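Reviewing the structure listed below.
The values are calculated or read from the model by the stated rules, or taken from the named source; none is laboratory data. Fair warning: this is a prediction, and the values are worked out from it, not measured in the lab. So basically every Cβ, Gly included, is an ideal-geometry build from the backbone, and we count neighbours across all protein chains shown. Accessible surface areas use protein heavy atoms only, side chains included; no ligands, DNA or RNA. Shrake-Rupley method; radii C 1.70, N 1.55, O 1.52, S 1.80 Å.
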Amino acid sequence: MVDWSLARRIAGLAGATDGPADVGTDVVASAKRLEPDVAAYTGLDPHGSAPPAELVDRASWADANLTTFSHILEPVADRMSQRLGRAGPMAGPLRMGAGATIAAEAGLITGYMSQRVLGQFELSLIQPEAPTRLLFVAPNLNKAVAELDVERDAFLDWIVLHELTHVVQFTGVPWLRDHLGGLLRAYLDTVDVQINAGAAGGLPSMPNIQELVDRFREGGLMALIQNSEQRHLMDQLQPVMAVIEGYSEHVMDALGATLVPGYEKLREAMDRRRRSRSAPERLLQKLLGLDMKMRQYEQGKAFCDGVVDEVGIDGLNAVWRSPADMPTPAELDDPEAWIRRTSLPSAA
């Protein structure tokens, strides 16, 4: 039902200008060189090597992520299609409009993110048989180096450390991918999508791409409603995501201090980049739910740093023993409570 070709066209519009898929240094070689350091520091045992690093442009990154997006949204779209099938003669036009609406939001989110993402370990939680990819978005890396005024090779190595940590997490923790996939499937099973009518009433039968872009920026056409069951699932999902992101932030800093020249300046510049958003951009991030992603970085990193200060990296690795050993939402803000619950001895 969803027109994914429309989503890709909208992602192209929202992604704005692109740039060369080259960063002036060998990112593939950097990933190969740094992978053993990440595995050694974390103590995790990755099964197999990381996928080869790939430098891509924004359109290629958006295409890869829309493919993953389609795996996530198709079950929701199928349920919507069945419900709209009860509309009689209006079923066809309603399905077309609803599919265009979902495509518009998916394209807008992906297009916007294609301007911001520096690197990504791309894997499908819904289709675990799908191959993984290690992607670095060349135009965004070039833009970040110029805007932050940092040394190119050091900055790129630092970003590679972050993404390699995600590789080690998902290949070195056997239960992690299936656990997250199960939570995501359970959440999607509860999702009901509401399509709001436009000002003229009803959905457009032949949607105009720019019109859909404008409508979304004014408030969006699709809303996911969180009921009590969904909130319960999110309470399980959010701590895991915060730990995944915070752990990578901790590792890139711990290794950056010894492996990356001028690391302190890089951390200051990255934090400044994350804080420096215009008011319209902050509003858009809130509409897209991306402000939650920023909180995951901050809350997760504070938790991981706090645990390592008390019990070391081996103690922090207790989060990977089982889903039950992940912190609760309250423990994310109280690392010592998590340490007490998991009965970890002090590193001192």
Helices (runs of 4 or more DSSP H) contained entirely in the stretch 1-89, each with at least 3 residues that are in contact (Cβ under 8 Å) with a residue 40 or more places away in the chain, touching a Ser or Thr at 6+ places or on another chain (Cβ under 6 Å) and under 20 Å from residue 111 (Cβ atoms) = 58-84
key: Within the stretch 75-95, considering residues that are open to solvent by less than 50 Å² (accessible area, probe 1.4 Å) and out of contact with any helix residue (DSSP H, G or I) (no Cβ under 7 Å at 6 or more places or on another chain), the one farthest from residue 125 (Cα to Cα)   = 88
task = Identify all residues within the stretch 171-190 that are assigned to a loop (DSSP other than H, G, I, E, B) and among the hydrophobic types (A, V, I, L, M, F, W, C); write none if there are none.
result = 173, 175
request  = Kindly indicate the residue of the stretch 96-146 that is in a loop (DSSP other than H, G, I, E, B) and touching a Gly at 6+ places or on another chain (Cβ under 7 Å) and also surrounded by the fewest Cβ atoms within 10 Å (Cβ to Cβ) among those meeting that condition.
outcome  = 128
ask   = Considering only residues of the stretch 304-348 that are exposed (fewer than 13 other Cβ atoms within 10 Å of the Cβ) and among the small types (Gly, Ala, Ser), which is modelled with the lowest pLDDT?
value = 348
remark   = Given (1) modelled with pLDDT of 70 or more; (2) open to solvent by less than 30 Å² (accessible area, probe 1.4 Å); (3) among the basic types (Lys, Arg), residue 273 misses just (2)
inquiry  = So, residue 145, is that one of a type in the set (A, V, I, L, M, F, W, C) and either closer than 17 Å to residue 66 by Cβ or within 13 Å of the chain's Cα centre (by Cα) (or both) or not?
reply    = no
task = Residues being among the aliphatic types (A, V, I, L, M) and free of Cβ contacts under 8 Å to residues at least 60 places away in the same chain: count how many of those fall in the stretch 314-329.
result = 2
ask   = So residue 262 fits all but one of (1) more than 21 Å from residue 37 (Cβ to Cβ); (2) at pLDDT below 95; what number is the exception?
value = (1)
query = Within the stretch 33-70, restricting attention to residues that are polar (S, T, N, Q) and touching a helix residue (DSSP H, G or I) at 6+ places or on another chain (Cβ under 9 Å), which residue is surrounded by the fewest Cβ atoms within 10 Å (Cβ to Cβ)?
reply = 49
Conditions (1) modelled with pLDDT under 95; (2) closer than 24 Å to residue 116 by Cα; (3) open to solvent by less than 60 Å² (accessible area, probe 1.4 Å); number of the one not met by residue 30 = (1)
